[in-house]
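Note sheet for the following structure.
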Amino acid sequence: MGTQRVNGSLYTSIENGVATVTFGHPASNAFVSELLVRLAKEFHKLSELPNVVVIVLKSEGDRAFCAGASFDELVAVSNIEEGKAFFSGFANVINAMRRCKKIIITRVQGKAVGGGVGLIAASDYAFATDHAAIRLSEIAIGIAPLVISPAVERKIGKAGFAELSMAPETWKNAYWAKEKGLFAQVFERTSEMDKELHFFTKKLASYNPDGLASLKKILWEGTEEWDNLLLHRAQMSGELALSSNTKEALVKFKK
């Protein structure tokens, strides 16, 4: 059972060089803006801790991994400043993950939508169960997956991103995501995934931290412009959120 806190929950445990960051929200582990700010700060902090070698990102519960950004906050956007601030949440988290000096492993136990797919794509390695279907639903509500697109395209390519984003009501299963490169490993049972995840992170944390940091750096070569790019995409998304077409789509979707 997950948290019932309206602003969500975020907590970290550190053991034998592995920091496990767990987030949760009663709305299928969606992210309100406050929770995104906290997550970005957590990655910045863990990046500098000498007793952390590897980071595991996971969500609460045994169902959805992440339902993306808060729908209620999106509906409430009323001006361009609010729109840019809303979409900057995931932009700042993705950039924090990209700049983090530690390898980030994401554990995906269930479905991921929108920004949740972006989080998976922004990690360095992902374990998933075969319940971990993915979907980019943004086009269906009048916006587009602009902020997360650089991260998702980096993992599954532009063709895969187009296939995913242009079918906003279609779930792609975990094996499709693995074939495209979003997931590294897929398991039939959560218990199997967690056993292998524990073994993998324990082994990874035993390696030279400097070597892992160097590997992380080259994995993300060519993304240095993302600090500006993702915030620009947040501005574009904020403008889309204010359009009449989007407002109409959001009303229909909410009903």
Does any residue in the stretch 60-75 that is over 14 Å from Thr246 (Cα atoms) come within less than 9 Å, Cβ to Cβ, of a residue that is at pLDDT 90 or above and basic (Lys, Arg) six or more places away or on a different chain, and which pairs are these?
Arg63/Lys111; Ala64/Lys111; Phe65/Lys58; Phe65/Arg107; Phe65/Lys111; Cys66/Lys111; Ala67/Lys111
Kindly list the number of the only condition in (1) under 17 Å from Asn228 (Cα atoms); (2) among the charged types (D, E, K, R); (3) surrounded by fewer than 21 Cβ atoms within 10 Å (Cβ to Cβ) that fails for Glu82.
(1)
Those residues of the stretch 12-41 which are open to solvent by less than 30 Å² (accessible area, probe 1.4 Å) and either at pLDDT below 95 or among the charged types (D, E, K, R) (or both), in sequence order
none
Within the stretch 97-105, does at least one residue satisfy the condition of being within 11 Å of the chain's Cα centre (by Cα) and within 16 Å of Leu39 (Cβ to Cβ)?
yes
Within the stretch 111-121, how many residues turn out to be open to solvent by less than 20 Å² (accessible area, probe 1.4 Å), on the phi < 0 side of the Ramachandran plot and not in a strand (DSSP E or B)?
7
What is the one condition in (1) β-branched (Val, Ile, Thr); (2) modelled with pLDDT of 95 or more; (3) open to solvent by 20 Å² or more (accessible area, probe 1.4 Å) that Val251 does not satisfy?
(2)
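Check Asp62, Asp130 and return the single one that is surrounded by fewer than 21 Cβ atoms within 10 Å (Cβ to Cβ), among the charged types (D, E, K, R) and modelled with pLDDT under 95. Can you show your working first?
Values: Asp130 fails: modelled with pLDDT under 95.
Unique residue meeting the criteria: Asp62.
The values are calculated or read from the model by the stated rules, or taken from the named source; none is laboratory data. Just so we're clear, the structure is a prediction, and the values are computed from it rather than from any experiment. A quick note on method: Cβ atoms are made from the backbone with ideal geometry, for glycine too, and the neighbour counts reach across all protein chains shown. Ligands, DNA and RNA are excluded from the accessible area calculation, which covers all protein heavy atoms including side chains. Shrake-Rupley method; radii C 1.70, N 1.55, O 1.52, S 1.80 Å.
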